[in-house]
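First the structure, in the form of structure tokens, and then the observations on it.
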Amino acid sequence: MNPQIEQIQPDVFDKLASEPYFATISLFQIRRERFQSEIDEVLSSATFDPGQSGKLPGATIEVLMPMIKTNLVNAPGPVVTLEQRLIVKENPTINLATGGVNLTAEQIAVEILQTLHQFYLGGICQALYPAPEAIVPNDKFPDLVAYDVVLQATFNLTPPLRTGCPLPPTESGLVLTFAPPASDPDATLYTTTDGSFPGPGNGTATIYSAPFSVTSGTVIRWAAYASGKLGSSTGMATIT
């Protein structure tokens with residue numbers, strides 16, 4: 001994943017941890033290894049020991065890893081929508097009792113939405129904004145009050161450089177001649193005659209160096225790879 005995209009989850013986590021409203025709520029960044037018992041303790045133990053953290057029992061916020069979606073699959077890059085999801089969990093019996101957080105899951109979810117709305121992350125990612133369904137009840141935790149809070153950001157991924165695709169071979173008397181793509185004249189050409197993928201990762205692919213003969217009915221595939229670029233798309237033809 002793009003390093004700037006990977007930074008979004010810890011940025012969201014640290015943003016909430018920096019705001020006084022969330023000072024007594026236990027935050028969990030789910031990318032990191034966590035024992036479920038840590039979360040369960042906050043939600044189920046009235047004797048939860050906050051230690052030096054100042055956290056109180058009864059409510060948690062889990063910051064999940066971001067998800068990438070796209071509806072514009074043919075746009076360069078492509079154009080993607082990043083979805084940042086958080087889960088707010090509350091055990092009302094403990095949360096609303098003396099010594100609990102005393103903020104309902106609904107209140108916490110709305111505060112998260114307002115805190116992160118138009119929060120600019122920098123880099124390729126623009127400001128976060130609420131998803132159409134921004135606060136959604138989560139029924140996976142029947143013993144708790146739980147909500148998903150969903151924010152989005154839309155941006156272009158930078159299109160990677162890709163090697164141009166060679167033209168189909170010229171054929172004379174079942175002898176095939178390839179030429180490198182005009183955009184990448186120094187590219188290495190790979191061919192296969194068994195229908196398999198024509199690339200350096202396939203042990204049966206052959207580096208093209210000179211015209212070669214085939215038999216009628218051979219399925220030939222080809223692709224080009226230039227240094228510092230992705231490989232080209234593949235070409236395929238049946239020689240008759």
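The values are calculated or read from the model by the stated rules, or taken from the named source; none is laboratory data. Since we're looking at a predicted model, the values are computed, not measured. Glycine gets a Cβ as well: all are built from the backbone with ideal geometry, and neighbour counts include every protein chain shown. Side chains are part of the model used for accessible areas, which takes the heavy atoms of the whole protein and leaves out ligands, DNA and RNA. Shrake-Rupley method; radii C 1.70, N 1.55, O 1.52, S 1.80 Å.
One chain, two ends: residue 21 and residue 215. Fully extended at 0.36 nm per residue, the span grows by 62.4 nm beyond their Cα-Cα distance. Surface exposure of the chain, expressed per residue as accessible area with a 1.4 Å probe, stands at 54 Å². When the chain is described by a simple charge dipole with +1 on each Lys and Arg Cβ and -1 on each Asp and Glu Cβ, the residue from 180, 25, 56 located farthest towards its positive end is 180. Working ranking of peptides 130-140, 60-70 by packing, defined as the average number of other Cβ atoms within 10 Å per residue, highest first, is 60-70, 130-140. With the full set of protein chains in place, find how many percent of the accessible area of the chain is carbon and sulfur; take the probe as 1.4 Å. Solvent-exposed carbon and sulfur of the chain make up 55 percent of the total. Among residues other than residue 146 whose Cβ falls under 14 Å from its Cβ, what is the net charge (Lys/Arg +1, Asp/Glu -1)? With Lys, Arg at +1 and Asp, Glu at -1, the neighbours total -4.
Which angle between 0 and 90 degrees, to the nearest 10, do you get for helix 105-116 versus the longest principal axis of the chain when only C-alpha atoms count? For helix 105-116, the angle is close to 50 degrees. Select from 102, 202, 91 the residue whose mean-square fluctuation is largest in a Gaussian network model of the chain (Cα-Cα springs shorter than 10 Å). In the Gaussian network model the winner is 202. Label reach from residue 177 (point 7 Å along Cα→C-beta): in the range 187-225, amide nitrogens under 11 Å belong to 211-212.
In degrees, nearest 10, range 0 to 90: what is the angle between the Cα axis of helix 8-18 and the longest Cα principal axis of the chain? Tilt relative to the chain: about 20 degrees. Relative to the globular-protein estimate of 2.2 N^0.38 Å, the Cα radius of gyration of the range 88-139 stands at 1.45. Only aspartates and glutamates eight or more places from residue 55 in sequence, or on another chain, were considered; those with a Cα closer than 17 Å are 14, 19, 38, 40, 41, 90. If you take the Cα centroid of the range 184-211 and the Cα centroid of the range 110-167, the two points sit 40 Å apart.
Computed over the Cα atoms of the chain, pair by distinct pair, the Kirkwood hydrodynamic radius stands at 22.0 angstrom.
Could you tally the net charge around residue 226, taking each other residue with its Cβ under 13 Å from the Cβ of residue 226, Lys/Arg +1 and Asp/Glu -1? Before the final figure, lay out each step's value.
Numbers: positive: 162, 229; negative: 184, 186.
Net local charge, residue 226 excluded: 0.
Using a simple spin-label model with pseudo-atoms 7 Å out from Cα toward Cβ, residue 129 and residue 96 lie 3.5 nm apart.
Modelled this way, with points 7 Å down the Cα-to-C-beta line, the labels at residue 204 and residue 107 are 6.7 nm from one another. Normalised by the number of residues in the chain, the average gap of Cα pairs under 8 Å and 6 or more apart makes the relative contact order 14 percent.
In the chain, helices alone account for a calculated mean residue ellipticity at 222 nm of -4500 deg cm²/dmol, with every DSSP H run of four or more residues adding -39,500 (n - 2.57). Full extension of the chain segment joining residue 157 with residue 136 gains 4.7 nm, where the gain is 0.36 nm per residue of separation less the Cα-Cα distance.
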